[in-house]
Amino acid sequence: MESSSALPVPVSHAGPLVAMGNFTHMLYAQGRYDEALDRAEQDEWVAAALGDRDTARVILQTRVYVLTELGRYAEAETLGRELLRRAVSRAARAKASADLADVLVRMGRLEEGLHLIAWAMAALEACPRDWRYFSSMSSVAEPARWAELYELAEQASVADRRLLDTDRNRRVILDTQRAESLLEWGLRLEHVGRLEEAGVRYRDVIALTRPWDAPDAEAELSDQAMVHALLACALAKTGAFDEARGKAVQAIEALHATGRRFDARLAHLAYGLALRSTGEYAEAARELTAAEQLCALAGAPRHRLIFQFELGLVAAEASPSPATANLVSALRAHAEQLWRLRLDRVAMLRQARRRVQLEADHASADAAAQTDPLTGLANRRGFDRWMEEVSTEQGAEQMCLLLVDLDNFKQVNDGFSHAVGDTVLREVGHILRTECRACDLPARFGGDEFGVFLATDMATATRIAARMRTVIREFDWHKVALGLRVTVSMGLASLLPGMTGDELFAAADGQLYAAKRAGRDRLAA
């Protein structure tokens, strides 16, 4: 398993149990994974039982993160897909997709992971640049870094400082995330001989971590141990060995004391580099070997080459010979081969983004074919598709079907004009759409016939339908045409176990006719 201080940023929410969700995420952020998992499993149930879906979702998100860090990828994937299913907003779906991509990339399912990354990025292009956008982008950065897509990880980690200045904790998380990615990027560049570019990355790491190392920095927020480890590595790589040595020793002790062994690898690396600078080769080899072993224990083989390369340099300096020179040459050739594979992944991501765009174009064309041009609701084709899904997936979800007919609509057309009739249809369609939730589907499947699939139980569906009928009746129809009055009759039925879509429609249709026989302008359920 691999743990990291570069934590995904949780989504802000305003549920009544917000403190509960924040506490669970804090345990995770501190590396207290077992505690976080126990608390999350308990608190998610409490939040769901009390109806706080926002907090329940945030706690589920934390469970995904903890299981991922513990290397329990199969469980993390299952919960990640549930998190994606629960996501409603575009930004939330993008974040859940990126979190699931992180799990898949770590499992070695690179193609699936890259497709989810591409989808998340495409979804975020249409989102406002608010905190939810940058929170989602921070989740994109994690699988990008695991796939060694450093350019994307850097792009995804850059947030609007105006948003971060009001929340130092989030700013530290993102700065640390960026610094760790940049450091790894710099090391990879150095090992393939691109020294100038590597130097730029190291200086960027110093610029990001130095402010949190200042005496007036808030230690409880800035994770001093990890800041010291990252800063020490960058200092050692830019020649400030004495300062690097001191900070590395501090970080090693603090990180091991809190059980963050994988994070400690960077402190051991920094200490090893400082020792090498003073000719203490045996001690340097000891520290770099410790860093490599911590990667092996954490299940992070992709990091081990970094420390093997540095160990080769120590051996070459300690005992210059053709053998050690060949060792370094072989390590460099290996690094160059891995770098070419990394470039292949960059190309794979471009291809994934093209596929996502083609899928979006196809979905857009399909949606247009299923949309009623007058009301903007689903048309008969879209309505029938939902009916087919009810037939094939019946019993999986709570579902009710509401059928809506305009009362005496022919009199509206004959008495006021077809133009007024079209306006009435548009307004009724707008009311149905605005009174629905994101998970519901309103449709116009006939001239003055509407249907609404309500993904809920009968009691809630009845309340929603009653509200719709009231809003339609009380709408200021005089603005459309003087003397105009519009009411609707409604029939509501619930999907029962074993019921097909046709049977659900027949049940709702029977209720609709009952409403009409009872005098219209009413709901029968």
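Nearest 500 deg cm²/dmol is fine: what mean residue ellipticity at 222 nm does the chain get from its DSSP H runs of n ≥ 4 alone, each adding -39,500 (n - 2.57), divided by its residue count?
-23500 deg cm²/dmol
For helix 73-86, what angle does its Cα long axis make with the longest principal axis of the chain, in degrees from 0 to 90 and rounded to 10?
40
Filter the trypsin sites (Lys or Arg not before Pro) in the range 329-371 down to the DSSP loop ones having no more than 16 other Cβ atoms within 10 Å, then list what survives.
For trypsin sites (Lys or Arg not before Pro) across the range 329-371 that sit outside H, G, I, E and B with at most 16 neighbouring Cβ atoms in 10 Å, the list is empty.
By how many nm would the segment from residue 321 to residue 111 lengthen if fully extended, with 0.36 nm per residue of separation less the alpha-carbon distance?
Here the segment from residue 321 to residue 111 would lengthen by 71.3 nm.
Using Cα atoms only, what is the angle between the long axis of helix 322-369 and the major principal axis of the chain, expressed in degrees (0 to 90) to the nearest 10?
The two axes meet at around 10 degrees.
Toward the positive end of the charge dipole of the chain, about the Cα centre and with charges on Cβ (Lys, Arg +1; Asp, Glu -1), which of 60, 172, 371 goes farthest?
Comparing the listed Cα positions along the dipole, 371 ranks first.
Which loop-located GluC sites (Glu not before Pro) does the range 282-353 contain, where loop means any DSSP state but H, G, I, E or B and the Cβ has at most 12 other Cβ atoms within 10 Å?
Listed in order of number, the matching sites amount to none.
Suppose every Lys and Arg Cβ carries +1 and every Asp and Glu Cβ carries -1, with no other charges. What dipole size does the range 449-501 come out with about its Cα centre, to the nearest 20 debye?
Approximately 180 debye in magnitude.
Can you tell me how much longer the chain between residue 238 and residue 250 gets when fully stretched, taken as 0.36 nm per residue apart minus their C-alpha distance, in nm with one decimal?
Going from the current span to full extension adds 2.4 nm.
Which is farthest toward the positive dipole end of the range 167-293 among 234, 273, 191, measuring Cα position about the Cα centre, with Cβ charges +1 (Lys, Arg) and -1 (Asp, Glu)?
With unit charges placed on the Cβ atoms, the residue in question is 191.
Please list, or write none, the lysines whose alpha carbon is within less than 27 Å of the alpha carbon of residue 247, excluding same-chain residues fewer than 8 places away.
237
Take residue 385 and residue 420, extend 7 Å from each Cα along the Cα→Cβ direction, and tell me the distance between the two endpoints in nm.
So the label points at residue 385 and residue 420 sit 3.6 nm apart.
Just add up the charged neighbours of residue 352: K/R +1, D/E -1, any other residue whose Cβ is under 11 Å from the Cβ of residue 352.
It works out to a net charge of +2.
Please give me the summed charge of the neighbours of residue 408: other residues whose Cβ is under 12 Å from its Cβ, Lys and Arg +1, Asp and Glu -1.
Spelling it out: positives minus negatives among the neighbours equals -1.
Please say if the range 53-161 is rounded, prolate or oblate, where rounded means a/c under 1.5 for a ≥ b ≥ c the square roots of the C-alpha gyration tensor eigenvalues, and otherwise the choice is prolate for a/b larger than b/c and oblate otherwise?
Note, shape of the range 53-161 comes out oblate.
Roughly how big is the chain's charge dipole about its Cα centre, with Cβ charges of +1 (Lys, Arg) and -1 (Asp, Glu), in debye to the nearest 20?
So the dipole magnitude of the chain works out to roughly 720 debye.
If I model a spin label as a point 7 Å beyond the Cα along the Cα-Cβ vector, how far apart are those points for residue 482 and residue 195 in nm?
Using points 7 Å along Cα→Cβ, the separation is 8.9 nm.
Classify the chain as rounded, prolate or oblate from the Cα gyration tensor: take a ≥ b ≥ c as the square roots of its eigenvalues, call it rounded if a/c is under 1.5, otherwise prolate when a/b beats b/c and oblate if not.
Prolate shape, in that a/c is at least 1.5 and a/b is the bigger ratio.
Once R0 is set to 51 Å, what does the formula 1/(1 + (r/R0)^6) return for the Cβ-Cβ distance between residue 329 and residue 50, expressed as a FRET efficiency to the nearest 0.05?
About 0.20, to the nearest 0.05.
Compute the Cα gyration tensor for the range 176-276, then decide on rounded, prolate or oblate, letting a ≥ b ≥ c be the square roots of its eigenvalues: rounded whenever a/c is under 1.5, prolate when a/b is larger than b/c in the other cases, and oblate in all that remain.
prolate
Of all trypsin sites (Lys or Arg not before Pro) in the range 416-467, which ones are in loop regions per DSSP and have a Cβ with at most 16 other Cβ atoms within 10 Å?
437
Between residue 125 and residue 358, what FRET efficiency comes out of the Förster formula 1/(1 + (r/R0)^6) with R0 = 22 Å and r the beta carbon distance, rounded to 0.05?
0.90
Quick one: angle between helix 261-277 and the longest Cα principal axis of the chain, in degrees between 0 and 90, rounded to 10, please.
Between helix and principal axis, roughly 30 degrees.
Report, ordered by chain and residue number, the lysines lying within cross-link reach of residue 479, taken as a straight Cα distance under 19 Å and ignoring same-chain residues fewer than 8 apart.
none
Could you work out how far apart the two model spin labels at residue 474 and residue 398 are, taking each label as a point 7 Å from the Cα in the direction of the beta carbon, and quote it in nm?
With each label point 7 Å from Cα toward Cβ, the separation is 2.5 nm.
Values quoted throughout were computed directly from the atomic coordinates according to the rules given, and no laboratory measurement underlies them. Quick caveat: nothing in here was measured; it's all calculated off a predicted structure. Note that we place each Cβ from the backbone using ideal geometry, even for glycine, and neighbour counts take in every protein chain shown.
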